[in-house]
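Asks: Here it is, the structure in full.
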Ligand SMILES: [Zn+2]
């Protein structure tokens, strides 16, 4: 979510108070609702760019009332900004990574793109962002002013589960994904497999986790703030301590960063910092060794 916030700041500066001059839906699979024709946004004035968890929300005042262009970039999706949008419409070739193209007053604009064939990028045009099912069910935002240690304790107590899974669950807590949950747990020196109710009940571990969430996200937002959209993904990667760094040295203790793989994702951790030196079982790896 920190680079989504970076993107929000980047877009807010460039879009707000400008007229939206064109919308081209290039990949119809990306558009998840047909209730409002995206073409109805054209001619409206962009009022604000904001964020709900990892969803971006471009609010547009149109003659029909307020409308929201809401999108989630997913893992392979990104936004490409143009100071000068190409004059020709985007190619509809199935090989094109472009899903949506938006133009604004003054000739600038952006593409939403998705690499590969994942088709996870999601775009909605709605009257209220709450109409997007995954926004309606979002948990509290960990950077909200009302997110306190008590809020976190209540979320941890709700269901006893591994803390890594809980932090990633958008319906429990909004905006922390696979990458930042690894980072937060490393900062907090907590095992990814620690049980949430034990953390909630531990007067030392609970505030450590709370502080690690705030510090990690704030630092990442600071690192992405003011960066052009094209550089945000690299800024994210280079700022990581353990996530995506399997086999490299832990920046805190020098131990090797280890990995546990799952069907469609993996987590990274440092055994010395987080699990008292205990190496966590990697089911995929042990299967391979059998
Ligand atoms: Zn370490």
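FYI, it's all coordinate maths here, none of it is from the lab. If you're wondering where the values come from, they're calculated on a predicted model, not measured in any experiment. Cβ atoms come from the backbone with ideal geometry, glycine included; neighbour counts cover every protein chain shown.
Asks: Suppose we filter the range 243-265 for residues that are within 16 Å of the ligand (Cβ to nearest atom) and over 30 Å from residue 81 (Cα atoms); how many remain?
Replies: Of the residues in that region, 15 qualify.
Asks: Which one of 177, 165, 139, 144 is free of Cβ contacts under 8 Å to residues at least 24 places away in the same chain and either surrounded by 15 or more Cβ atoms within 10 Å (Cβ to Cβ) or touching a strand residue (DSSP E or B) at 6+ places or on another chain (Cβ under 6 Å) (or both)?
Replies: It is 165.
Asks: While we're looking at this one, here's another question. Give the number of residues within the range 52-70 that are in contact with a helix residue (DSSP H, G or I) (Cβ under 8 Å, 6 or more places away or on another chain), free of Cβ contacts under 8 Å to residues at least 60 places away in the same chain and more than 14 Å from residue 18 (Cβ to Cβ).
Replies: Qualifying residue count for the region: 2.
Asks: Can you pull out the strands (runs of 3 or more DSSP E) entirely within the range 53-155 that have at least 3 residues that are under 22 Å from residue 233 (Cα atoms)?
Replies: Details: elements: 55-62, 65-72, 77-82, 98-104, 109-114, 122-126.
Where strands (runs of 3 or more DSSP E) fall fully within the range 53-155 and carry at least 3 residues being under 22 Å from residue 233 (Cα atoms), they are 55-62, 65-72, 77-82, 98-104, 109-114.
Asks: Can you tell me which of 220, 229 is over 21 Å from residue 156 (Cα atoms), touching a strand residue (DSSP E or B) at 6+ places or on another chain (Cβ under 9 Å) and away from the ligand (no atom under 16 Å from the Cβ)?
Replies: Sole residue among the options that is over 21 Å from residue 156 (Cα atoms), touching a strand residue (DSSP E or B) at 6+ places or on another chain (Cβ under 9 Å) and away from the ligand (no atom under 16 Å from the Cβ): 229.
Asks: May I pose another question? Please identify the pairs in which a residue from the range 247-268 that is touching a residue at least 40 places away in the same chain (Cβ under 8 Å) and within 13 Å of residue 282 (Cβ to Cβ) has its Cβ atom under 7 Å from the Cβ atom of a residue that is within 16 Å of the ligand (Cβ to nearest atom) and part of a loop (DSSP other than H, G, I, E, B), counting only partners at least 6 apart or on another chain.
Replies: Hits for this filter: 260/280; 267/192; 268/242; 268/243; 268/244; 268/245; 268/246.
Asks: Among the residues of the range 236-275, what is the count of those that are under 13 Å from residue 179 (Cα atoms) and under 21 Å from the mean Cα position of the chain (by Cα)?
Replies: Count: 15.
Asks: Please tell me if residue 268 is within 22 Å of residue 160 (Cα to Cα) and within 13 Å of the ligand (Cβ to nearest atom).
Replies: Details: within 22 Å of residue 160 (Cα to Cα): yes; within 13 Å of the ligand (Cβ to nearest atom): yes.
Against the criterion (within 22 Å of residue 160 (Cα to Cα) and within 13 Å of the ligand (Cβ to nearest atom)), residue 268 qualifies.
Asks: Look at the range 78-97 and say how many of its residues are buried (at least 19 other Cβ atoms within 10 Å of the Cβ) and in contact with a helix residue (DSSP H, G or I) (Cβ under 9 Å, 6 or more places away or on another chain).
Replies: Looking only at that region, the number is 2.
Asks: Here is a further query. With respect to residue 153, is the statement that it is without any contact (Cβ under 8 Å) to a residue 24 or more places away in the chain and either buried (at least 17 other Cβ atoms within 10 Å of the Cβ) or farther than 21 Å from residue 185 by Cβ (or both) true? If you could, list the steps in order and put the result at the bottom.
Replies: On the way: without any contact (Cβ under 8 Å) to a residue 24 or more places away in the chain: no; either buried (at least 17 other Cβ atoms within 10 Å of the Cβ) or farther than 21 Å from residue 185 by Cβ (or both): yes.
Here the answer is no, as residue 153 does not meet what is asked.
Asks: Identify, from the list 37, 64, the residue that is out of contact with any strand residue (DSSP E or B) (no Cβ under 8 Å at 6 or more places or on another chain) and either farther than 19 Å from residue 174 by Cβ or crowded, with 22+ Cβ neighbours inside 10 Å (or both).
Replies: Values: 37 fails: out of contact with any strand residue (DSSP E or B) (no Cβ under 8 Å at 6 or more places or on another chain).
Unique residue meeting the criteria: 64.
Asks: Let me ask something else. Scanning the range 174-189 for residues that are assigned to a loop (DSSP other than H, G, I, E, B) and touching a helix residue (DSSP H, G or I) at 6+ places or on another chain (Cβ under 6 Å), which turns out nearest to the ligand (Cβ to nearest atom)? Walk me through how you get there before you give the answer.
Replies: Within the range 174-189, the first condition is being assigned to a loop (DSSP other than H, G, I, E, B), and the residues that meet it are 174-177, 189.
Subsequent filtering for residues that are touching a helix residue (DSSP H, G or I) at 6+ places or on another chain (Cβ under 6 Å) retains 176, 189.
On the way: 176: 21, 189: 9 Å.
So, considering only residues that are assigned to a loop (DSSP other than H, G, I, E, B) and touching a helix residue (DSSP H, G or I) at 6+ places or on another chain (Cβ under 6 Å), the one nearest to the ligand (Cβ to nearest atom) is 189.
Asks: Looking at (1) within 13 Å of the ligand (Cβ to nearest atom); (2) at negative phi, which one does residue 211 not meet, given that it meets all the others?
Replies: Condition not satisfied by residue 211: (1).
Asks: Given the conditions (1) closer than 16 Å to residue 55 by Cβ; (2) touching a strand residue (DSSP E or B) at 6+ places or on another chain (Cβ under 9 Å), and given that residue 185 satisfies all but one, which numbered condition is not satisfied?
Replies: Just one mismatch for residue 185, condition (1).
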